[in-house]
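These notes concern the structure reproduced below.
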Amino acid sequence: MTQFRRRSNQTEEIARKLEIVLAELASLRILLAAHGISTPPPLDDDYLSVQRFAAMNHISPEAVLSRIRRGKLRAEKRGGRWWVKMHGLHSIAVQ
């Protein structure tokens with residue numbers, strides 16, 4: 001079997017598994033919604049959790065939340081958790 005053919009088979013297998021995972025995720029969202037539990041849409045890679053942002057900047061999570069409340073950090077609240085926008089984080093973190 002050629003390398004190209006092997007990679008093609010692997011790609012097809014990954015695509016099949018991805019379809020299964022996505023179908024299971026959709027089913028889970030429907031089930032949660034039926035029980036009144038909303039799920040936030042996924043965030044892109046431009047966001048960090050408060051804990052991760054704090055660790056990366058050597059500050060406490062409380063300091064991060066304080067900066068969010070004061071408007072010093074751009075953040076979004078999703079699913080009851082704050083997510084810090086990564087854009088410009090180094091200049092913001094030292095304020």
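Each reported figure results from applying straightforward, stated rules to the coordinates on display, with no laboratory input. The shown structure was predicted, so the numbers you read here are calculated from the model rather than taken from an experiment. When we count neighbours, we look across all protein chains shown, and the Cβ atoms used for this are built from the backbone with ideal geometry, even at glycine.
Numerical summary
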{"item": "Rough spin-label spacing in nm, given labels placed 7 Å along Cα→Cβ, for residue 19 and residue 65", "result": "4.5"}
{"item": "Reachable lysines, given that their alpha-carbon falls under 20 Å from the alpha-carbon of residue 85 and they are not under 8 places away in the same chain", "result": "72, 77"}
{"item": "Nearest-0.05 FRET efficiency for residue 76 and residue 35, computed from C-beta distance (R0 30 Å)", "result": "0.75"}
{"item": "Of 49, 33, 59, farthest towards positive along the dipole that unit charges on Lys, Arg, Asp, Glu beta carbons give the stretch 28-85", "result": "59"}
{"item": "Residue 73 long-range amide H proximity, modeled H, under 5 Å", "result": "68"}
